[in-house]
Amino acid sequence: MDRRPGQRRPANRPSAQSRRKGTTGYARPSTRTRGTRVRNTTPPSASVRGMGSHRSARGTGRPRASKANHAGASGTLLTRRHFLYGAIGVGAVAAVGFGANTLIQQRNAASSTISTLSVPASNVSTLDDYAEIELNNAFEQVGEYELPYGTLMWCNDDSIATCLIPTETASPLTQIGVMKLSSGNLETVVEAANGASDGFEIYDVRGTSSGLVWTEANIFEGTWRILTATLSSSNSVGTAHVVDSGDSSTETPSIAAVDGYAYWVVMPPAGADNEKTGTAQLKRAQFGQESTQTVYEGTGRMAAPLYGASDGVVITPRHPDGTSYFQLVHVNGSTGEVDDSITLPSAMQPVEVGYGNDRFSFCFEAIYSYGDGIANLGTYTPATNPNGNYDSASWFRFGRTPLAPPAWCGDWLIVKSSQSVVAINFASKSYCTFGIISGATSWGDYLAVSGTHDRVVTISQINEVDTESNANQTCTVRVWKPLS
């Protein structure tokens, strides 16, 4: 049975210093079953789980992205599962639970040559095999900042985080902000959609110290467009370029920012007639440039949202020789080439993916009746550097329903638990929990960082009423650094 760190305690919200909670003594209830789907099918007969050792393959396959939901928003921009899923999910995406519906796809004509990831159950450790340590023995908090309630945040940079800030008006619905991790200074850098006069609103944003990429959509006409701009050290935004656009025949793209490039995935919508046959493309544009590059192309929708790592992006295309097989593909940010990939067993569909310290991570919301060591729900990653040989690696599973993609902070794997954020160290076989702030909404602390960085960034939406019926609503950002 896996442990569940980070249970919330009812309490009045004290000062910023005193409301930080310790990491010991948390209750560990039984394994959570909400949202669990058991894939009660036998493995597809043509599925080949590891013909010999499965090594990362270079270059075959194609990309696909995530589903966007057009929903209005006022006040807070989030609900339960994601803070924003791809785009156009404001106020609704968290409740959707992408991937928790019926995912079983029978493979009718699988190629017997497809080699897939094969992990024996004996090669997978869980939190029960690790020792819990005090948070202050592993991390120090280096910042705590308060932003407007409902602010969404993403961080794939060592200096800044990009924010989607709600307004109190119908238009603009949101604004783009940039927050300095060192000071908490939040500056609004884009006050309204570039296409506001045509009915567009800003629904998603990512950024680095080099530039911003954001999604604008007109939900009444079912149209979207992707914009990019440079960002200076003084937070001055350069000329915005519309680098792509589309309508309801394609899904609103998921986006990522890595170093000097913006990335996005264009693919068929979920449930469309061409869901498995339409073209999916991973595109990118250099900040400040209008020209774009298609760096990966494939057939059919992808399984999970685009993931921005520190050295590239991760996509989840269907295998070119079998549409029920999903791949994890890492595209190098410097070269635009595939430099790592694995293929999952037939019909196994990740809802989140990640990449850090030279290895993939992936998340399942379902329990499968096949798959050996990777059949259960949770977040999986090799506990040691696989060096391309994922079958032979020792693996770790964090056995909570995934609510956010994982990240890395030095040698620490950072994952979102049911309410708290947890750090796991494979070398010392230990873990610690970032305590939850009293008054936080039901999902507690949310992991805002992706890739591999020297800091952990979490945000909590605080919504509480004091004894005098005064409402306290704020978005609290906390920044942590490992002690060594």
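A Cβ distance below 8 Å, combined with a sequence gap of six or more or placement on separate chains, defines the contacts here; from the range 117-140, residues that are closer than 24 Å to residue 478 by Cα reach residues that are aliphatic (A, V, I, L, M) and not in a strand (DSSP E or B) in the pairs 137/483; 138/483; 139/483; 140/483.
When the criteria are applied in full, residue 462 fails the requirement of being buried (at least 17 other Cβ atoms within 10 Å of the Cβ), free of Cβ contacts under 8 Å to residues at least 60 places away in the same chain and assigned to a strand (DSSP E or B).
Among strands (runs of 3 or more DSSP E) entirely within the range 292-348, having at least 3 residues that are crowded, with 24+ Cβ neighbours inside 10 Å and at pLDDT 95 or above singles out 312-315, 322-332.
Residues in the range 189-212 that are in contact (Cβ under 8 Å) with a residue 60 or more places away in the chain and among the aliphatic types (A, V, I, L, M): 212 only.
Would you check if there is a residue in the range 367-390 being at pLDDT below 95, within 21 Å of residue 319 (Cα to Cα) and touching a Ser or Thr at 6+ places or on another chain (Cβ under 8 Å)? Yes, some residue in the range 367-390 is at pLDDT below 95, within 21 Å of residue 319 (Cα to Cα) and touching a Ser or Thr at 6+ places or on another chain (Cβ under 8 Å).
Scanning the range 253-278 for residues being over 30 Å from residue 356 (Cβ atoms) and assigned to a strand (DSSP E or B) gives a total of 0.
For the range 436-457, does any single residue satisfy the condition of being in contact (Cβ under 8 Å) with a residue 60 or more places away in the chain, closer than 22 Å to residue 338 by Cβ, of a type outside the set (Ser, Thr, Tyr) and part of a strand (DSSP E or B)?
The answer is no, given that none of the residues of the range 436-457 is in contact (Cβ under 8 Å) with a residue 60 or more places away in the chain, closer than 22 Å to residue 338 by Cβ, of a type outside the set (Ser, Thr, Tyr) and part of a strand (DSSP E or B).
A single member of 239, 250 is out of contact with any helix residue (DSSP H, G or I) (no Cβ under 7 Å at 6 or more places or on another chain), under 27 Å from residue 155 (Cβ atoms) and outside any strand (DSSP E or B), and it is 239. Of all residues in the range 341-354, those that are closer than 18 Å to residue 281 by Cα and charged (D, E, K, R) total 0.
In the range 181-233, counting only strands (runs of 3 or more DSSP E) that sit wholly within it, the ones holding 2 or more residues that are farther than 22 Å from residue 479 by Cα and in contact with a helix residue (DSSP H, G or I) (Cβ under 9 Å, 6 or more places away or on another chain) span 211-218. Regarding residue 449, is this residue touching a Cys at 6+ places or on another chain (Cβ under 7 Å), of a type outside the set (Gly, Ala, Ser) and crowded, with 24+ Cβ neighbours inside 10 Å? Yes, satisfied.
Would you be able to say whether some residue in the range 124-145 is among the β-branched types (Val, Ile, Thr), surrounded by 15 or more Cβ atoms within 10 Å (Cβ to Cβ), touching a Ser or Thr at 6+ places or on another chain (Cβ under 7 Å) and at pLDDT 95 or above? Taking every residue of the range 124-145 in turn, at least one turns out to be among the β-branched types (Val, Ile, Thr), surrounded by 15 or more Cβ atoms within 10 Å (Cβ to Cβ), touching a Ser or Thr at 6+ places or on another chain (Cβ under 7 Å) and at pLDDT 95 or above. Taking the range 212-247 as the range and being surrounded by fewer than 18 Cβ atoms within 10 Å (Cβ to Cβ), within 21 Å of residue 281 (Cα to Cα) and either within 24 Å of the chain's Cα centre (by Cα) or of a type in the set (Val, Ile, Thr) (or both) as the test, the residues that pass are 242, 245, 246.
The values are calculated or read from the model by the stated rules, or taken from the named source; none is laboratory data. Being a predicted model, the structure only gives us computed values, none of them experimental. Because the Cβ atoms are built from the backbone with ideal geometry, glycine has one as well, and the counts that use them run over all protein chains shown.
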